[in-house]
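Visitor: Sharing a structure here in structure tokens format.
Since every read-out is calculated from the coordinates, none of them should be taken as a lab result. Every value quoted in this text rests on a predicted model; they were computed, and no experiment measured them. We place every Cβ from the backbone using ideal geometry, glycine too, and count neighbours over all the protein chains shown.
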């Protein structure tokens, strides 16, 4: 259950974590990130000298270099710190790794790559048995150039292309859904499909969520909130309970790092409580799956370019049109296993039709409720004694949400693809007309003649091949990476899989089990 102690004495050690490129709090002494507090500066300003100082003052004896490989998971190199010179050498030069074991597109004949740490991502590992400093890394080839197909660098190129060609930056936040597996609670059993925002004891294992959120905040992640999600499943003597952690809008590069770290942290926390966590898109057919919804906003200067004088701006509509135009091919990065397409079915709050709408959960791209026009009326109604100038200044929080992705997503590549789609929408002459044509206010599954998302990995690969020129523009996605992505999807040979497996409980179970720990 969410608030009971672990059954095993395997709770996480008390060491504190560190940071991605999150903005600093105004008061570093109040910041949850211990390195920000120690060094008195935001993580984005960390230098090599700062990290050496932190290692010395905190008595850190080990260092981990972490990096995202072709399977989307965090990999790790462990170092024992032998002294100041050794530490400075690692922080300066990084290390060599075998790229052919990390990426399918790197040949064994010339596989050596460099991994070089990004100081702004430093954090204290909350799970290590001894004080350990962890850093995320970038990949470089034998000539010292960034590895063109590395997921982190593809996303960097996409963001740079958008900025140079449109003068804007894309910010994003992910909604990370997951299931925790446990035995059935005989006192307060969960109610199937009725878990949304439930609290203990009717919702289980909020403890996992809270511990993960605390660690992530100390690592520099910008968290909005966490809560219990709809999905409650009881099957085979097990209780499967769905949770969600949602983040705050940050530049897309940081948003991707946060999600990858969050998956690692959730798995580690659950494991230390003797539990299993899954981000799989579908656990049981007919029950709620786990999506990876992404909210985005376009920032120009210090203003949200999605907001116009009368609501949604033309730029917002152009970006929405870009998402819709590339939607079939976006699944190649956001829905990467056959069980992804067991989730993308009508009438289960997962999109199938390519359209958009306001606050409409049946559409592919949703414009959620914002705060425009309400001023301080709600605040003053709820708190009559609050002074008139109580509203803090902030960038308008209005976002646009794309709802097709799931827990199998190759996170950095998926956000890179969304960034490319945003740029494509901003630059295409017909985007406003496309947005007008594809607006839906009713149940999208009931609207005739709307284009549909792919229904299999194979169809997703075909869409990527058809639309590849948009991704290759500005050298954002290398041709070899697109080929490798399509070939992997085609290798599942899952055309018509849902129909083939209909009614075959054993085969469906085996398929779900095969992809239970994707992403």
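Visitor: Please give the Cα centre distance for segment 330-390 versus segment 133-212, rounded to the nearest Å.
Guide: 17
Visitor: Also, quick follow-up: Provide the convex hull volume over Cα atoms per residue for segment 114-199, in Å³.
Guide: Working: hull volume 20.2 nm³, N = 86.
Enclosed volume per residue, from the Cα hull, is 235 Å³.
Visitor: Next up: Could you bin all the Cα-Cα distances of segment 361-519 into 10 Å bins starting at 0 and give me the percent of pairs in each, rounded to whole numbers?
Guide: 7, 24, 29, 21, 11, 6, 1
Visitor: Determine the equivalent ellipsoid of the chain by diagonalising the alpha-carbon gyration tensor, then write out the semi-axes as square roots of 5 times the eigenvalues, largest first, rounded to whole Å.
Guide: Working: eigenvalues 215, 157, 150 Å².
Equivalent-ellipsoid dimensions as semi-axes: 33, 28, 27 Å.
Visitor: With viscosity set to 1.567 mPa s at 4 °C, what whole-number translational diffusion coefficient in µm²/s follows for segment 88-127 from Stokes-Einstein and a Kirkwood radius over Cα pairs?
Guide: So the translational diffusion coefficient is about 109 µm²/s.
Visitor: Measuring from centroid to centroid over Cα atoms, what is the spacing of segment 248-276 and segment 76-118 in Å?
Guide: 23
Visitor: Across the Cα atoms of segment 332-390, what radius of gyration and what greatest pairwise Cα-Cα distance (Dmax) are found, in Å?
Guide: Cα-based Rg and Dmax for segment 332-390 come out at 19.2, 55 Å.
Visitor: Follow-up. In what sequence do 371, 356 fall when counting other Cβ within 10 Å, fewest first? Don't jump to the answer; show the numbers that get you there.
Guide: Numbers: 371 12, 356 26.
So the residues, fewest neighbours to most, are 371, 356.
Visitor: Here's another thing I want to ask about it. Among 213, 467, which comes first, second and so on when ranked by fewest other beta-carbon atoms within 10 Å? Each step should come with its number before you reach the end.
Guide: Details: 213 19, 467 22.
Going from sparsest to densest Cβ surroundings: 213, 467.
Visitor: How many angstrom lie between the Cα centre of segment 494-515 and the Cα centre of segment 288-320?
Guide: So the separation of the two Cα centres works out to 36 Å.
Visitor: Can you give me the Kirkwood hydrodynamic radius for segment 205-265, using every pair of distinct Cα atoms, in Å to one decimal? Before the final figure, lay out the partial values.
Guide: Details: mean 1/r = 0.0796 Å⁻¹.
About 12.6 Å, per the Kirkwood formula over Cα pairs.
Visitor: Another question, then. Ranked highest first by the average count of other Cβ atoms within 10 Å around their residues, in what order do 347-354, 193-200, 122-129, 373-380 fall?
Guide: Working: 347-354: 19.2, 193-200: 14.9, 122-129: 21.8, 373-380: 11.0.
With the highest mean Cβ count within 10 Å placed first, the list reads 122-129, 347-354, 193-200, 373-380.
Visitor: Moving on to the next point. If you build the Cα gyration tensor of segment 385-478 and take the root of 5 times each eigenvalue, what three semi-axes come out, in whole angstrom, biggest first? Intermediate values should be presented prior to the final figure.
Guide: Details: eigenvalues 203, 85, 53 Å².
Semi-axes from the Cα gyration tensor: 32, 21, 16 Å.
Visitor: On to the next question. What share of Cα pairs, in percent, lie more than 22 angstrom apart in segment 28-147? Can you show the working numbers first?
Guide: Values: 2613 of 7140 pairs.
Tail fraction, whole percent: 37.
Visitor: Another question, if that's okay. For 339, 399, which order do you get if you count the other beta carbons within 10 Å of each Cβ and list the fewest first? Intermediate results must be reported in sequence, preceding the final value.
Guide: On the way: 339 27, 399 21.
Exposure proxy ranking, most exposed first: 399, 339.
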